[in-house]
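Working notes for the structure below.
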Amino acid sequence: MRENYLMKAKPITALHARITGRVQGVAFRYYAQSEAARLGVTGWIRNSEDGSVEVWAEGIEENVINFLDWLHKGSPHARVDKVRSDICPPQKTYKSFSIQADDGT
């Protein structure tokens, strides 16, 4: 029985991303938080001083990839020019997806 459970376990992964374009002042972070909750992804999002948005997301690999796909589209009023992302080992310390205070403020 235990072997069967382990075979069904889904890999957990993490994503660090920076999104550039018109992504501040267009509710990008709030829509991202909603999408992360829908997908069961944890982590954080924050504005950066350079006008970009930075994201750390963790969860089941398939859900994190779906969240990355969403980041490429963004919120309805956003214009995503570029998403730079790296897959990282998960920290497994997040219980939800939060909007953090702006970077450097």
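For the chain, the longest principal axis of the C-alpha atoms and the axis of helix 28-39 are separated by about 10°.
Taking a point 7 Å out from the Cα of Cys88 in the direction of its Cβ, the residues of the stretch 10-48 whose backbone N falls within less than 14 Å of it are 13-19, 42-46. Structure remark: mean-square fluctuation, Gaussian network model of the chain, C-alpha springs under 10 Å; the largest value among Arg84, Arg18, Arg46 belongs to Arg84. In terms of packing, defined here as the mean over residues of other Cβ atoms within 10 angstrom, the peptides 73-83, 24-34 line up highest first as 24-34, 73-83.
Of the beta bridges in the chain, as assigned by DSSP with both residues counted there, near 90 percent are antiparallel.
With θ taken as phi - 60° and the Karplus curve 6.51 cos²θ - 1.76 cosθ + 1.60 applied, the whole-hertz 3J(HN,Hα) list for the stretch 78-91 is 7, 10, 8, 8, 7, 10, 9, 9, 9, 7, 10, x, x, 8 Hz, x standing for glycine and proline.
Placing unit charges on the Cβ atoms only, positive for Lys and Arg and negative for Asp and Glu, gives the stretch 11-90 a dipole magnitude near 320 debye about its Cα centre.
In order along the stretch 54-65, the Karplus-derived 3J(HN,Hα) couplings, from 6.51 cos²θ - 1.76 cosθ + 1.60 at θ = phi - 60°, round to 10, 9, 10, 9, 9, x, 4, 3, 4, 5, 5, 5 Hz, and Gly and Pro are given as x. Calculated mean residue ellipticity at 222 nm for the chain: -9000 deg cm²/dmol, from DSSP H runs with n ≥ 4 weighted as -39500 (n - 2.57), summed, divided by the residue count and rounded to 500. Proximity of backbone amide H atoms, modeled 1.01 Å from N, is registered between Cys88 and Ala14, Leu15, His16 at under 5 Å, excluding neighbours fewer than 5 places apart on the same chain.
Any read-out appearing in this document is the output of simple, stated calculations on the displayed coordinates, not a laboratory observation. Note that the structure is a prediction, hence the values are computed from the model and not measured. Using ideal geometry, Cβ is built from the backbone for each residue, glycine included, and neighbour counts are taken over all protein chains shown.
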